[in-house]
Amino acid sequence: MRTYYLRSFGCQMNAHDAERISALLEAEGLERVDEPEGADVLVYNTCTVRQSADERLAGHLGTAARLKRERAGRIILVTGCLPQAEKDDLFRRFPFVDGALGPQNLHRLPELLEAAAEPAGRPPGFFADGATMSGDLAARRERPYQAWVQIMSGCTNFCSYCIVPRVRGPERSRESRTIVAEVCGLVADGVREVTLLGQNVNAYGLDLRRGGRVEAPDFPALLRALDALPGLARVRFMTSHPKDLSDDLIAALAELPSVCEHVHLPAQAGSDRVLAAMNRGYTAAAYLERVQALREALPDVCVTTDLIAGFPGESEDDFAETLELVRAAAFDAAFTFVFSPRRGTAAAASTGQVAAEVKRERVERLIALTQELALGSRRRWIGRRAEVLIEGPSRDGKGLRGRTRQNVTANVTGAAAPGAIVEIEVTGATSTTLRGRV
Ligand code: SAM
Ligand code: SF4
Ligand code: F3S
């Protein structure tokens, strides 16, 4: 039997695409192996959101090239966002790659594989035209009790720093009845928790309505439909765009028992000047007002965020406003990034690029502050009870590991089976985890 090795990078959307790649390859009769050395076909599902992602990939492809030199029949394929962004550069830098395709052409993977198996000498296969939504493709789920469900693809927000709209195409929503049917199937298969995926889930359905489908449900209506499904214990969703976080959505989050108390709400920056240059569509005050509305409606909500340090033109005063916003929002957790110029985006061409050492120093201050806030947030749970979905054994093998409704990892002692939802008493905390007993 032929074997494949799959390595995926980037966001949840890409991780979910990796599940589809597995399903497609296994339908072709390939079997998965965990190490590249043992594989006939090596697939790298790439991310190109920051320069650092490209650099990491180069290291992995170096290993793939070595393995191919050792055995010429090995096939190396590159999927995901990088091929969509730069075809010529990809094959110039990595001439040993046998074929590549972008995220809107995933369904053509069997064709790519077949072309790559042809005698050497022909140009590598490449599919990045067209815009097929991969939402309906089957996925080979990694976890029995949890599933990703794509509700939208693409993005049309064009934040000035971001390459995603270029590589994932325009924002498109899947039909709600297709989504509900998929979730019903997952629940029948034993899934207890679904995570709804989209670059801006708050805008779900708006494209369908604009296209004349006035009856198409919006995101709160979709959540209400899913909450009504018997057997589904938890609904998560990401990512939320602050400009589309409506009062109706906050009300739905507060009223629906299955919808978890976690909102990932990227702020990116705290200076209105920088937010405008980023094309984010809100001010710092408007952002904080939304966070306050969320915290009032859902007292136990975890609000997490993404922040960028060193956007072009960001002054020390602008950056101080980001620190101020972070303190005011009291984020429960944050992903912090150094601005990385991406080819074809407006911000890459802007004047006022911030020096690398200044960006680094600012992001370190952001990390220190957000970690301090995260530790405070976790510690407030000590002595309280939390609901945990058990995912399996803890890393040290001595207990169990799971996640709370707020999406915080919990290391748990006591007896419970994977997939069980238990109540724990929280006895300890770090900035990223809780400790407790069933
Ligand atoms: N759609 C989501 C949103 O609007 O927040 C997620 C987009 S992206 C996959 C995840 C995060 O990467 C963004 O929120 C942003 O903080 C960061 N990011 C995107 N482009 C970047 C760039 N050029 N440099 C640094 N960080 C970037
Ligand atoms: Fe990128 Fe902005 Fe779209 Fe998020 S909303 S994917 S940051 S363009
Ligand atoms: Fe990366 Fe593509 Fe996601 S660029 S962050 S894998 S949408």
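The values are calculated or read from the model by the stated rules, or taken from the named source; none is laboratory data. These numbers come from a predicted model, not from an experiment. With ideal geometry, Cβ positions are generated from the backbone for all residues, glycine too; neighbour counts draw on all protein chains shown. Ligands, DNA and RNA are excluded from the accessible area calculation, which covers all protein heavy atoms including side chains. Shrake-Rupley method; radii C 1.70, N 1.55, O 1.52, S 1.80 Å.
Could you tell me which numbered condition ASP129 fails, if it satisfies all but one of (1) open to solvent by less than 40 Å² (accessible area, probe 1.4 Å); (2) closer than 22 Å to ASP17 by Cα; (3) in contact with a Gly (Cβ under 9 Å, 6 or more places away or on another chain)?
Unmet condition: (1).
Report, by residue number, each residue of the range 325-335 that is surrounded by fewer than 20 Cβ atoms within 10 Å (Cβ to Cβ) and in contact with a Ser or Thr (Cβ under 9 Å, 6 or more places away or on another chain).
Once the filter is applied, which keeps residues that are surrounded by fewer than 20 Cβ atoms within 10 Å (Cβ to Cβ) and in contact with a Ser or Thr (Cβ under 9 Å, 6 or more places away or on another chain), the range 325-335 yields ALA330, PHE335.
Would you mention how many residues in the range 388-417 are under 18 Å from VAL191 (Cβ atoms) and open to solvent by 50 Å² or more (accessible area, probe 1.4 Å)?
2
May I ask you to say which residue of ALA72, ALA64 is more than 16 Å from ligand 3 (Cβ to nearest atom), outside any helix (DSSP H, G or I) and more than 22 Å from the chain's Cα centre (by Cα)?
ALA72 is the lone residue from the list that is more than 16 Å from ligand 3 (Cβ to nearest atom), outside any helix (DSSP H, G or I) and more than 22 Å from the chain's Cα centre (by Cα).
From THR79, THR46, grab the single residue that is closer than 25 Å to VAL338 by Cβ and under 23 Å from the mean Cα position of the chain (by Cα).
THR46
If THR3 satisfies all but one of (1) within 12 Å of ligand 3 (Cβ to nearest atom); (2) polar (S, T, N, Q); (3) surrounded by fewer than 21 Cβ atoms within 10 Å (Cβ to Cβ), what's the number of the condition it fails?
Looking at each condition in turn, THR3 falls short on (1).
Could you tell me which residue of the range 6-55 is most open to solvent (accessible area, probe 1.4 Å), considering only residues that are of a type in the set (Asp, Glu) and in a helix (DSSP H, G or I)?
GLU55
If a residue has to be more than 10 Å from ligand 2 (Cβ to nearest atom) and open to solvent by 30 Å² or more (accessible area, probe 1.4 Å) to count, how many in the range 160-169 make the cut?
Within the range 160-169, residues that are more than 10 Å from ligand 2 (Cβ to nearest atom) and open to solvent by 30 Å² or more (accessible area, probe 1.4 Å) number 0.
For the range 97-119, which residues satisfy the criterion of being free of Cβ contacts under 8 Å to residues at least 40 places away in the same chain and open to solvent by 30 Å² or more (accessible area, probe 1.4 Å)?
Passing the criteria: ASP98, ARG108, GLU111, GLU114, GLU118, PRO119.
Of all residues in the range 254-269, count the ones that are of a type in the set (Gly, Ala, Ser) and without any contact (Cβ under 8 Å) to a residue 24 or more places away in the chain.
0
Mind checking which residues of the range 298-324 are outside any loop (DSSP other than H, G, I, E, B) and surrounded by fewer than 16 Cβ atoms within 10 Å (Cβ to Cβ)?
Correct list: ASP306, GLU316, ASP317, ALA320, GLU324.
Does at least one position in the range 84-95 carry a residue that is of a type outside the set (A, V, I, L, M, F, W, C), surrounded by 21 or more Cβ atoms within 10 Å (Cβ to Cβ) and away from ligand 2 (no atom under 16 Å from the Cβ)?
no
If I filter the range 303-358 down to residues being among the β-branched types (Val, Ile, Thr) and over 26 Å from the mean Cα position of the chain (by Cα), which single residue comes out as nearest to ligand 3 (Cβ to nearest atom)?
In this case the residue turns out to be VAL354.
Are there any strands (runs of 3 or more DSSP E) wholly within the range 326-417 with 1 or more residues that are over 24 Å from ALA267 (Cβ atoms), and if so which?
385-393, 400-404, 409-413
Give the residue that is nearest to ligand 1 (Cβ to nearest atom), with candidates limited to residues of the range 170-197 that are in contact (Cβ under 8 Å) with a residue 60 or more places away in the chain and open to solvent by less than 10 Å² (accessible area, probe 1.4 Å).
Applying the filter and picking the extreme gives LEU197.
Among the candidates ILE390, ILE367, ILE382, which residue alone is over 20 Å from TYR145 (Cα atoms) and either under 23 Å from the mean Cα position of the chain (by Cα) or without any contact (Cβ under 8 Å) to a residue 40 or more places away in the chain (or both)?
Testing whether each residue is over 20 Å from TYR145 (Cα atoms) and either under 23 Å from the mean Cα position of the chain (by Cα) or without any contact (Cβ under 8 Å) to a residue 40 or more places away in the chain (or both) leaves just ILE367.
Residues of the range 132-159 being surrounded by fewer than 18 Cβ atoms within 10 Å (Cβ to Cβ), modelled with pLDDT of 95 or more and either away from ligand 3 (no atom under 16 Å from the Cβ) or under 21 Å from LEU109 (Cβ atoms) (or both), which ones?
Those that are surrounded by fewer than 18 Cβ atoms within 10 Å (Cβ to Cβ), modelled with pLDDT of 95 or more and either away from ligand 3 (no atom under 16 Å from the Cβ) or under 21 Å from LEU109 (Cβ atoms) (or both): none in the range 132-159.
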